[in-house]
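Coordinate-derived values only; no laboratory data. Just so it is clear, the structure is predicted and the values come from calculations on it, not from any experiment. As a convention, Cβ positions derive from the backbone with ideal geometry for all residues, glycine included, and neighbour counts pool all protein chains shown.
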Amino acid sequence: MRNAKTAIILTLSTFVLAASQSPALAREKAQDYRSLSALITDCASVQQDIPRLECYDSLSTELVKQHDVEPELDKLPEDIGGGQFDTRPKREELSRGLVVSCKKSLDKKWFFIFESGQVWKQVNADNRRYNYKGCNFKVTVKKDGFGYKMQIDGQDREIRIKRYK
């Protein structure tokens, strides 16, 4: 039993040494074996960790070279995760309007009455004192992921609003 293990180890070490020295010699040694299962069994029978791993490494390297297989990463399918991503540029929803009246509510938020009759209320927690008396200005209302924002023409500040009526 011990002689058989020694013979296998010597054979495998010769195979590993040949694989590390020259690919042509490694191919020649690999063709000496009758089947892939015999090669794997030989590698599995090696007791020491490092020589066993070297045996597997050289075996896989040689098999890849023999079959001209290029290891490549599989590409994920485009519909994974629930569907394809929309790569088209997003079109921002903008609306123009004229605010004709502003009124302050009891909670110190502003109501904005538009020329069309729509009423929008300020919803952001902005406690700064803004005076919208004499409201008669043009605004741009745009939608984002959280609701609507209103920007008064000529100002940089945006006010988060919600449709009231």
Within the stretch 130-147, the residues whose backbone N lies under 20 Å from a label point placed 7 Å from the Cα of residue 124 along the Cα-to-Cβ direction are 130-133, 135-147
Sorted by chain and then number, the residues having a modelled amide H within less than 5 Å of the amide H of residue 101, at least 5 places away or on another chain, are 113
Here the convex hull volume per residue of the stretch 94-163, taken over Cα atoms and given in Å³, is 89 Å³
In debye to the nearest 20, the charge dipole size for the stretch 94-163, taken about the Cα centre with +1 at each Lys and Arg Cβ and -1 at each Asp and Glu Cβ, equals 220 debye
Within the stretch 86-122, the residues whose backbone N lies under 13 Å from a label point placed 7 Å from the Cα of residue 140 along the Cα-to-Cβ direction are 92-97
